[in-house]
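Each remark here refers to the structure printed beneath this line.
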Amino acid sequence: MVTIEHLGKYFKGKKVFLTGHTGFKGAWMVQILSMLGAEIKGYALAPEKDGDLYNLINGNALCQSSIVHDIRDAEAVRRELVRFEPDFVFHFAAQPLVIRGYEEPLYTFEVNGQGTANVLDALKFLEKRSVAVMVTTDKVYENLDDNTLFKETDKLGGYDPYSASKAVAEIIISSYRSSFFNHEKIDVHQKSIASVRAGNVIGGGDFADNRIVPDIVRAIKKNDLVTLRNPHATRPWQHVLEPLGAYLLLATKMVDNDVKYNTSYNLGPKKMDVLTVEELTRIAIAKAGKGSYQIEENQNKLHEASNLMLDIDKAKRELGWWPKFDSRTAIEKTVEWYLDDETDATTKCQRQIQEYFEQHN
């Protein structure tokens, strides 16, 4: 069982360079790393809204420094990373939305593709041992909607710009790992590089537009109908603490063995634990005790994969990781966070973090 105390042995007093720290997942990661006693330097754009989670937990006070800048600026990324001399690098910065990918495809490819290359290239100039965990998505696979349970060795692809940009990121990671951070020369470059593929993450504090759980919560609070674009689409829903816990566990494994874990890992719920968008909505409404929904009738809607399932056996086998929360629990924990208006965001996050890491699988 991975506990806060165990992780603290690896991260306390260590320097962590975290891109995308102002985003939803990034803010949760900042909170965890702060609890572990890590020294955090963040690099990201400013939070999009004053009420975003990063501001609610006073993220700037938890970081040694917070660099508000564009991940597409290669020179700035290199300067800030190398100057900090991190022990760990977690690359979260991304354009994370499918619909925005359709609206701004070039920006999406630049951020997710070139941004990833910029972080990896900066590591070439870091003259010390460092572990880097590069975050992509579960949507990196060529998905023919044929109920494939995707393994890490399956073909990469992407129908929509967002998915394709993340597949590009995976290819870039693989290229840098082979070309500049080859395991045969680990004693020279001293870099361990892994990629992690997780998606459909839910949890308190996500206020993004066009994401199902924030949309549900906003509708419930306003007594509006929830509108479902793809009610029958299945997704591997997981609480935000599941992948974050896995990223941290993987990083500790990479410290202990700087070659074995330089690969990619799928992270998601158990094989049979998948729900449709409509099922998720019903559970959330039941937990809230109010709310209703409608199904959008739009024949010209943008393409999104109907089915997406991951094989997580590799992570279970090599990392000893598997999910602690089933999908229903993840949804209920998320709704609890949003509807608790009496408790501040920091306390809610810390409480759920402690509960998660103390729970047995």
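Taken together, the values in this text are just the output of simple stated rules run on the coordinates, not laboratory data. The structure presented is a predicted model; accordingly, all values stated were derived computationally and were not measured. Using ideal geometry, Cβ is built from the backbone for each residue, glycine included, and neighbour counts are taken over all protein chains shown.
Values computed for the structure shown
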| read-out | value |
| --- | --- |
| Karplus (6.51, -1.76, 1.60) ³J(HN,Hα), θ = phi - 60°, over segment 241-256, in Hz, Gly and Pro reported as x | 6, 5, x, 4, x, 5, 4, 5, 4, 4, 4, 5, 5, 5, 5, 6 |
| Calculated from backbone phi, Karplus (6.51, -1.76, 1.60) coupling profile of segment 123-130 in Hz, x at Gly/Pro | 5, 4, 9, 8, 9, 6, 5, 8 |
| Listed candidates (i) 1.04; (ii) 1.01; (iii) 0.94 - label of the one calculated as Rg/Rh (Cα atoms, Kirkwood Rh) | (iii) |
| Gained length - K222 relative to V188, 0.36 nm times residue gap less alpha-carbon distance | 6.5 nm |
| Charge dipole of the chain about the Cα centre (unit charges at C-beta), most positive-ward option of T22, L126, G268 | L126 |
| Shape of segment 210-361, Cα gyration tensor, a/c cut at 1.5 | oblate |
| Candidates N262, N223, N182: whichever shows maximal mean-square fluctuation once the chain is modelled as a Gaussian network with Cα springs under 10 Å | N223 |
| Dipole magnitude (debye, nearest 20) for segment 155-212, charges at Cβ of Lys, Arg, Asp, Glu | 140 |
| Top of I212, I202, I40 by mean-square fluctuation, Gaussian network on the chain, Cα under 10 Å | I212 |
| In Hz, Karplus ³J(HN,Hα) per residue of segment 230-240 (6.51, -1.76, 1.60; θ = phi - 60°; x = Gly, Pro) | 10, x, 9, 5, 9, 9, x, 5, 8, 5, 4 |
| 14 Å Cα-Cα reach of K253 towards aspartates and glutamates, excluding residues that sit fewer than 8 places from it in its own chain | D87, E318 |
